[in-house]
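Read through the structure below, which is laid out as structure tokens, and then see the notes.
The values are calculated or read from the model by the stated rules, or taken from the named source; none is laboratory data. Only a predicted model underlies this, so the values are computations on that prediction, with no experimental measurement involved. Backbone-built Cβ (ideal geometry, glycine too); neighbour counts: all protein chains shown.
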Amino acid sequence: MSTTLAFFNLQNFLETLLNTHLSGFYIMVIFVIFIETGLVIFPFLPGDSLLFFSGSLAALTTNHLSVLILIPLLTITTILANTINYQIGKHFGEKLSQSKIFKKLIKQKHIDETEIFFKKHGAMAIFLGKFMPIIRTIVPFTAGVGKMNTQTFTYYNIFGGICWILVTVLSGYFFGNITFVRNHFEIIMLAIIFISLLPVAIVFLKQNKQTNEE
């Protein structure tokens, strides 16, 4: 509930910022997405909701916010942020994981869930993790700690980053201003999280099917 409240406070702030300072809006959205996907200690930020909301604002004719600018800027941002997250995990992950500050900021259950998810899906977890809150932030760090091959990580990071930004921003752009959606925005945000989990469910079902066949 607190995360939802924080998002709506951020939403109000961004709407005001968009009306007064367009470049400031771009900078703020980029900043939030960067720290959510680039710094392992901020897994609670509302990335999916923020991207959807930004897309819905870009569809309005009452401002100059452009989806053609948002998409490439945010794609580059999340790819770069995840790369930094991965490098931090690769070079400093083991020491950071043992620090008292880190343990206070990141719940152990989230670390455990991400490690299980990573072991289960391997490199594909980098792509799938993009569509999952919390795991999206922790999985690049985990990949770095596990010394995943840099080329492999980069491939899935780029592919996942492009797909995540396109799906969330364009969903907001095409559907965010429908009356029903605007009147039930909180429910829609929960639906986005549910939809975000579908790729994982599909992979899980396929893997179970292959295991049963063997």
For segment 128-148 the number of residues that are within 21 Å of S49 (Cβ to Cβ) and either touching a Ser or Thr at 6+ places or on another chain (Cβ under 6 Å) or in contact (Cβ under 8 Å) with a residue 60 or more places away in the chain (or both) is 11
Selection from segment 153-180 of residues more than 15 Å from D48 (Cα to Cα) and either outside any helix (DSSP H, G or I) or modelled with pLDDT of 90 or more (or both) yields F153, T154, Y155, Y156, N157, I158, F159, N177, I178
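With the requirement that a residue be part of a helix (DSSP H, G or I) and within 11 Å of T37 (Cα to Cα), what does segment 132-152 give you? Even if it seems obvious, please write down each step before you answer.
First, pick out the residues of segment 132-152 that are part of a helix (DSSP H, G or I): 135-145, 150-152.
Listed by number, the residues that qualify are I135, R136, T137, I138, V139, P140, F141.
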S54 vs (1) farther than 12 Å from T168 by Cα; (2) within 15 Å of the chain's Cα centre (by Cα): all pass except (1)
Just the residues that are among the polar types (S, T, N, Q), farther than 15 Å from F44 by Cα and either touching a Phe, Trp or Tyr at 6+ places or on another chain (Cβ under 9 Å) or surrounded by 24 or more Cβ atoms within 10 Å (Cβ to Cβ) (or both), please, taken from segment 132-153. T142, T150
What helices (runs of 4 or more DSSP H) lie completely within segment 19-131 and have 2 or more residues being loosely packed, with under 14 Cβ neighbours inside 10 Å? 22-38, 67-98, 100-105, 108-121
